[in-house]
Structure formats: structure tokens, C-alpha cells
Amino acid sequence: MVITVALVDDQEMVRMGFSLILDADESITVVGQASDGVDAIALAKREHPDVILLDIRMPKLDGLAALPRLTPISKAIMVTTFDDDDYVDAALAGGASGFLLKDAGPDLLLAAVRAAANGDALISPSLTLDLLSRRAQDTRTGEDRLAGLSERENDVARLVARGRTNQEICAELYISLGTVKSHLGSIQTRLGARNRVEIAARMWESGAMNAGR
């Protein structure tokens, strides 16, 4: 299946650059563009794209404000030049399926789109460990939450928290891709997580990823 994508950014050159990268991939097609959050909502309702690449700072309605009205329609990836912690936290809390810096590069852009389309989530590596380590709290509540995981599920969840891809988890644990996906589904249910980023956040919040654990 071809993944349909909408581009939302107030800079035309950014939209053009993303469009060239995405349309060059046979499995992805750009179905529309918008320059602000208001037009983005109208575009999403009209085209129902699988994935929306959404800038944060825009006129009329910024990306964070538009996000809750877009996620019921499409998967949203926040794309920005700013790596402010509050932006990342707000985007994830709003249901974003990824967070990329605009200089992340073509490969990461394509990977983020594919991950979002598959119901997964991806954050630029430069942001991931900083974001998640800030959430480490080592609380009794967090430990209790992890108690429901099997030993293998715990292994998978820890690797997710370290930023490993599904293929890397397969290689490290010597299990099949189907088994990894099955474990991820079970882990999401047990931890009340919507995607792999929230799985990772739960692991860091629990204190399980602290040094020496």
C-alpha cells in the first residue's frame, strides 16, 4: 500500500524539500500541503492522509494547538528546528507519532513516516535519550506497573527504551520480527502505552533504566 502524506509548514522551501524526498519513494505520496494549522485541519478532513508532517511554530494556529484536532484523522509527526524539551513533551502528550528536527536527514524522515503509518512512533535520536532520561523517577508506582511484564517482555521493553529498532531487537534477543511485534503489543497493553515512545517513557519513569539497574 502507498502511504499518503500531508505537509504542513509555513516555509514553502521546507515543504518543497520534504515533498521531493517523500515523492521519490515509490511507497509514499504527498497528497497536499498547508502553511498553517487552520488549513492543515481542512486538508486533513478533505484528504484523510495516513501521516501528517506538522511544523510547530506557524501563523493562525500552531502545530501543538492543531495536533488534537488532527490525530483523530491521521498520524502526526511534529517537525521543527527547535529541540526544546517542552515542545517534545507537549507533542507526545498530544498524541504525536514522532518528533523530528528539520535537519534530521532524508533517511530518518522516511523512517518516521513509515513508522507512523504502521502505528509506531519515532523520535530523532538526538532527542530520544535526553527526553526519556528526564522522565526517570524511580517511583514505587512505576515499579508496580512493570511487575506485570514477563521476563522477555521486560527485555524487549528495555531495548525499546534504549532506542533500538524492531530489527535490532530481533538480532539482540535472537527472536523473529513477528515475536517482537507480538511482545510490543502485549507490552503496550500492560503499560497503557499507545506506541513505542510511550513504552520507553514508562520504562524511564519507573526508574528501571537508571544506572546500575
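The values are calculated or read from the model by the stated rules, or taken from the named source; none is laboratory data. Remember, it's a predicted structure, so these values are computed and weren't measured experimentally. In case anyone asks, the SASA skips ligands and DNA or RNA and just uses the protein heavy atoms, side chains included. Shrake-Rupley method; radii C 1.70, N 1.55, O 1.52, S 1.80 Å.
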Exercise. Report relative contact order for region 1-62 in percent, whole number only (criteria: Cα-Cα under 8 Å, sequence separation at least 6).
Key: 45 percent
Practice problem: Using Cα pairs closer than 8 Å and at least 6 residues apart in sequence, work out the relative contact order for region 38-95, in percent. | Solution: 38 percent
Quiz prompt | Where Glu172, Glu198, Glu12 fall by accessible area, highest first, once all protein chains stay in place (1.4 Å) | solution = Glu12, Glu172, Glu198
Quiz item: Where a ≥ b ≥ c are the square roots of the eigenvalues of the C-alpha gyration tensor, would you call region 1-117 rounded, which needs a/c under 1.5, or, failing that, prolate if a/b is larger than b/c, or oblate?
Solution: rounded
Quiz item: Taking region 150-213 as the region of interest, what is the percent of Cα-Cα pairs per 5 angstrom bin, listed from the shortest bin to the one with the maximum distance?
Solution: 4, 19, 34, 26, 14, 3, 0
Exercise. Return a whole-number percent for the relative contact order of region 146-213, with Cα pairs under 8 Å and 6 or more residues apart as the contact set.
Key: 38 percent
Self-check item: Under the Karplus curve 6.51 cos²θ - 1.76 cosθ + 1.60, θ = phi - 60°, whole-Hz ³J(HN,Hα) for region 168-176, x wherever Gly or Pro sits
Solution: 5, 5, 3, 5, 6, 9, 6, 10, 7
Quiz item: Check Leu122: other-chain or 5+ apart residues with amide H under 5 Å from its amide H, H built from backbone geometry?
Solution: Gly98, Phe99
Quiz item: Cα centroid distance between region 158-196 and region 64-114, in Å?
Solution: 21 Å
Exercise. Name the long-range amide H neighbours of Gly207: under 5 Å, sequence gap of 5 or more, or other chain; modelled H, no Pro or chain starts.
Key: Gln137, Asp138, Thr139
Practice problem: For Ile77, list long-range residues whose amide hydrogen, built 1.01 Å from N in the peptide plane, is under 5 Å from its own amide hydrogen. | Solution: Ile52, Leu53, Leu54, Ser97
